[in-house]
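The values are calculated or read from the model by the stated rules, or taken from the named source; none is laboratory data. Nothing here was measured: the structure is a model prediction, and the numbers come from that model. When we count neighbours, we look across all protein chains shown, and the Cβ atoms used for this are built from the backbone with ideal geometry, even at glycine.
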Amino acid sequence: MNLEVTQEKALELSDVHVTIRGSHILQGVNFGIEPGVVTGLLGRNGVGKSTTLRSIVGLVPRVGSIKLFGKEISNLKAHEVIRSGVSFVPEDREIFSTLTVLENLKLAERDKQPNYDIVYNLFPELLKRKNQRAGTLSGGQQQMVAIARALLNNSNLLLVDEPTKGLAPRLVTEVADALEVAAKSATILLVEQNLPLVKRIAKNIIVMDQGVVVHSGSPMDLENADFAQRMLGVSGGSH
Amino acid sequence: MNLLPSKYRFVPVVLMLLAAVSVFTPVVDDPGLQQTFAVAFLFAALALTYDLLLGFTGLLSFGHSLFYAAGAYGAAYAMARWEWQIIPATIFALFFATAIALFTGATALRVKGIAFAMVTLAFAEAGHVIATLNLWGLSNGDITLQLRPESVPEFFLGVNNTRNLFLLSLITLAIIYLAVWWLTQSSVGRVWQALRENEERVSVLGLRPFSFKLIAFVLAGVMAAFVGVVAVIVTNNANPSMGSTGTTISLLLMVILGGIATRWGAVIGGVLYVVLSQRLTTLNTEGALSSFPEWIGGPMSEPAFILGVIFILVVMFSPGGIAGALYRLKMKFGSSVK
Amino acid sequence: MEIFITLFITGVGLGALYFLVAAGLSLIYGLMDVLNFAHGAFLTAGAYATWYFTTYVRADGSLTSYAISLLIAGLVGALFAVATEQILIKYLYNRHIDQALVTVGLGFVAASAYLGWFGTDPLVVLPPVDLYNVVQIGDAFVGLDRFLYIGVAAIVLLANFLMLRYTRIGLIIRAGVENRNMVTALGIDVRKAFTFVFFIGGFAAGLGGALATTYASGVGPTLGDSFLIYAFITVVIGGMGSVPGTAIAAVLVGTTQVLVNYYVQGLGDFVVVLLLALVLLVRPQGLLGKVVR
Ligand SMILES: Nc1ncnc2c1ncn2[C@@H]1O[C@H](COP(=O)(O)OP(=O)(O)O)[C@@H](O)[C@H]1O
Ligand SMILES: [Mg+2]
């Protein structure tokens, strides 16, 4: 008997639909992700990757079934979803620019003993700048705050939306390292355009197109240039 | 009625209504009732002009009373101080209101949403202050600017002629209804409704939202001013409360109560609002509420209390107002017949 | 010069009253995008509470009774506000226009209920005689009550500042003003903060109502509404969601109104509304506020 089949999924979406102001954005999304590993969620711009993450969190009205380790969460409010052990790093960071770095982190505390050590070890910069207004940080530093907010608590599931968007190569490496550390203790669903990064840390990939999942497999698939071109509209295959 | 294309079906309805009422009026020979309905029709017309902004263009203005007052004061002033006749005074009032609407509209429309609501509120309040405090001796303040009898035809004067005032109001309502109907069906009207749904989509088409909104703002303002002129004839004066925020808020109540963006919803809301206000007051003076305990009977004797409660219930439980509720009933009924 | 000092302090005193109403409006709008037209009704409720307390419960005209009546007025305003949020606003979650409309309706209902209960004529509320004393500043004489308004408003401003700066709920409110959705995406039930801002907004408005009975020598059914318009103007000038901005704008509005009105009666009210139009056109987000959408 194949172990993979019976194993409980960390997250399972069945026939998830999202309609915002009349446009039908997710049109029946189905996928499951394995616990304990990083799964890459890929697809061209505008196919609904961010909306998928936001529907899991409950930030958009959604229909269908979303199960977190077997427990239905599609009827929960956003804060309840997060409180059941989900951390979310949104696209474009969405840090609070009028609050200080420390205030941003404090706001994100859920656990009794938030893990400031891990966070400050990964991003010593944040400790140095803890009393600086987050709005005055550089883009890379703001991304660190956004990731730090998620790593502060122990989570079952980490949803990360394009963490390297617009970052300098050096910072991309730093973010990748942070995600690898996080991957040791949590399941991660990662939306990412940077294919080398996906290949480095993801065990599985899911590809979306126009509001539905069109492929799931392994990052190896991306080695096939034709596949990458067809699915993602990029010339993949290189390292 | 099927002989007519659907977009003209309202014509016989309006004509029938006009005919019915003008036959019916001499029968109800009660000047009090006629006066009530005259005022009700004027408010219905005013609510229609407000719905043009709120319902059909999606502009939440808190300053609509400014134009109603501008029309009333413009005409009353030209008649009282310059001794003009009603027709030239009306024309003056309409130009006066247009100028104010152009200026305030062009200014207020530079911001959107709540900020727009606040700027319009501020302009209206400025007008209200001028009228209340009789700044620069323009308005006579609380003494009100009286209608100069010599400026209007004899058949509009005196209690014996209330029936004529009633008819004047009814005709005004019909004119405004037709104008609003025509405007909202026109190509400009369709742009307004597109603006209400999605402004970006309109700009993508190469149309300037600002210009279209300004047109709506000015037209609604001018029509409100026209109603204001008629109101001077019907109520014999122009007074500061015409320009108060309270007036705009009651228009808002009428439109929401009746049903937004339906045209006749505003008419029903306006008539109901005024008639209910007066009837509830009468009921109260007849002692209908004496069986209630004091703490609830007191507020109940204020028509605004009951209207406000109904309004809250409508907003919470029946979006679309009376028109929306009737529509839903019709749908239900229609489908059960099948 | 003396007259200027007297007028200026009177203007700041009036501004203090505006601030008490506007602070809550600003936080409520900033956090929830709800323009609360019922806020004037909270003020009036506080004012009637003061009248009732100082007329029927402790009519000794002492400063202590007056102080207690201020507290009671604040609590009455706060309870009214929380009830409004829990009974009406909460069920229209994310329907911002409907939320505003419901508060319009509530303001309407409340004003007519007050009319039905207390009648049209203002009820006289006499403050303790000590408040009629005047204070001499240079050659100018200023009524003591002005300083009371300013003092109470300053305490409320300070308490607001401390709450926003040093408490967790304050942190949530500041973050929520900036980005409400992201606060929930951090696992925080932001609706508790909604109830809380209604509580403090209602409390400040109730206090303002109690003091307004002294300023206006009484309370009538529309007392709150007459303050509400200028409080709106204050909030918009100061910037939605910014308490310091509201404080600055309140002083600006109050002093402008009093000073100009002294020279031409009524012109001050007129100038203030033009000031609003001007500020919004030059700086649509107000002096210190978040961008108005
Ligand atoms: N709030 C919204 N209102 C309307 N359309 C939206 C909204 N958010 C996203 N969309 C649309 O939904 C589609 C999917 O968006 P998104 O999930 O952000 O895609 P991705 O993250 O894959 O680039 C896009 O066409 C986008 O324009
Ligand atoms: Mg995206």
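To keep it simple, each residue is scored yes or no on (1) over 13 Å from the mean Cα position of the chain (by Cα); (2) at pLDDT 95 or above; (3) part of a loop (DSSP other than H, G, I, E, B); (4) crowded, with 24+ Cβ neighbours inside 10 Å.
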position: C:155; (1), (2), (3), (4): yes, yes, no, no
position: C:169; (1), (2), (3), (4): yes, yes, no, no
position: C:186; (1), (2), (3), (4): yes, yes, yes, yes
position: C:191; (1), (2), (3), (4): yes, no, no, no
position: C:203; (1), (2), (3), (4): no, yes, no, yes
position: C:206; (1), (2), (3), (4): no, yes, no, yes
position: C:213; (1), (2), (3), (4): yes, no, no, yes
position: C:227; (1), (2), (3), (4): no, no, no, yes
position: C:244; (1), (2), (3), (4): yes, no, no, no
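Which of the residues spanning segment C:262-283 are surrounded by fewer than 20 Cβ atoms within 10 Å (Cβ to Cβ) and not aliphatic (A, V, I, L, M)? C:262, C:263, C:265, C:266, C:283 - these are the residues of segment C:262-283 that are surrounded by fewer than 20 Cβ atoms within 10 Å (Cβ to Cβ) and not aliphatic (A, V, I, L, M). In this entry, residue B:107 passes the filter for residues that are assigned to a helix (DSSP H, G or I), facing chain C (nearest Cβ under 7 Å) and closer than 20 Å to residue B:219 by Cα. What about residue A:107, is it within 16 Å of ligand 2 (Cβ to nearest atom), part of a helix (DSSP H, G or I) and surrounded by 19 or more Cβ atoms within 10 Å (Cβ to Cβ)? When the stated conditions are applied, residue A:107 does not pass them. Whenever a residue of segment A:152-164 is within 16 Å of ligand 2 (Cβ to nearest atom), its partners that are part of a loop (DSSP other than H, G, I, E, B), lying with C-beta atoms within less than 7 angstrom and at least six residues away or across chains, give the pairs A:161/A:90; A:161/A:91; A:162/A:91; A:162/A:192; A:162/A:193; A:164/A:192; A:164/A:194. Restricting to segment A:23-36, and then to whatever is out of contact with any Leu (no Cβ under 8 Å at 6 or more places or on another chain) and touching a residue at least 24 places away in the same chain (Cβ under 8 Å), can you tell me which residue is nearest to ligand 1 (Cβ to nearest atom)? By that ranking, first place goes to A:25. Taken over segment A:37-55, the criterion of being near ligand 1 (Cβ under 8 Å from one of its atoms) and away from chain C (no Cβ under 14 Å) is satisfied by A:43, A:44, A:45, A:46, A:47, A:48, A:49, A:52. If the condition is being small (Gly, Ala, Ser), under 9 Å from residue A:40 (Cβ atoms) and within 16 Å of ligand 2 (Cβ to nearest atom), then segment A:166-213 contributes no residue at all. For segment C:275-293, which positions are farther than 21 Å from residue C:21 by Cβ and either of a type in the set (A, V, I, L, M) or under 17 Å from the mean Cα position of the chain (by Cα) (or both)? C:278, C:281, C:282, C:291 - these are the residues of segment C:275-293 that are farther than 21 Å from residue C:21 by Cβ and either of a type in the set (A, V, I, L, M) or under 17 Å from the mean Cα position of the chain (by Cα) (or both). Of all residues in segment A:56-68, exactly one satisfies the criterion of being assigned to a loop (DSSP other than H, G, I, E, B), more than 9 Å from ligand 1 (Cβ to nearest atom) and in contact with a strand residue (DSSP E or B) (Cβ under 8 Å, 6 or more places away or on another chain), namely A:61.
If you check B:121, B:94 for being at the interface with chain C (Cβ under 10 Å from one of its Cβ atoms), surrounded by 19 or more Cβ atoms within 10 Å (Cβ to Cβ) and not charged (D, E, K, R), only one passes: B:121. Here residue A:20 meets each of (1) within 14 Å of another protein chain (Cβ to nearest Cβ); (2) more than 9 Å from ligand 1 (Cβ to nearest atom); (3) free of Cβ contacts under 8 Å to residues at least 60 places away in the same chain with one exception, condition (2). Residue count for segment C:144-185, restricted to those that are facing chain A (nearest Cβ under 10 Å) and in contact (Cβ under 8 Å) with a residue 40 or more places away in the chain: 3.
Within segment A:77-104, track down each residue that is more than 10 Å from every other protein chain (Cβ to nearest Cβ), surrounded by 16 or more Cβ atoms within 10 Å (Cβ to Cβ) and within 15 Å of the chain's Cα centre (by Cα). Passing the criteria: only A:91.
Number of residues in segment A:26-60 that are surrounded by 20 or more Cβ atoms within 10 Å (Cβ to Cβ), within 16 Å of ligand 2 (Cβ to nearest atom) and more than 20 Å from residue A:192 (Cβ to Cβ): the value is 0. Answer with yes or no whether residue A:74 is buried (at least 16 other Cβ atoms within 10 Å of the Cβ), more than 16 Å from ligand 2 (Cβ to nearest atom) and within 14 Å of chain C (Cβ to nearest Cβ). Answer is no for this residue. Residues in segment A:110-121 that are more than 8 Å from chain C (Cβ to nearest Cβ) and buried (at least 16 other Cβ atoms within 10 Å of the Cβ): A:114, A:115, A:116, A:118, A:119, A:120. If the condition is being part of a loop (DSSP other than H, G, I, E, B), over 24 Å from the mean Cα position of the chain (by Cα) and not aliphatic (A, V, I, L, M), then segment B:129-147 contributes B:134, B:140. Screening residue B:207 with (1) touching a residue at least 60 places away in the same chain (Cβ under 8 Å); (2) part of a loop (DSSP other than H, G, I, E, B) gives one miss only, at (1).
Matching residues to (1) under 17 Å from the mean Cα position of the chain (by Cα); (2) at pLDDT below 90; (3) not in a helix (DSSP H, G or I); (4) not small (Gly, Ala, Ser):
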residue	(1), (2), (3), (4)
B:225	yes, no, no, no
B:234	yes, no, no, yes
B:247	yes, no, no, yes
B:260	yes, yes, yes, yes
B:277	yes, yes, no, no
B:282	no, yes, no, yes
B:307	yes, yes, no, yes
B:316	no, yes, no, yes
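Is there a residue in segment C:255-262 that is facing another protein chain (nearest Cβ under 10 Å) and part of a helix (DSSP H, G or I)? Taking every residue of segment C:255-262 in turn, at least one turns out to be facing another protein chain (nearest Cβ under 10 Å) and part of a helix (DSSP H, G or I).
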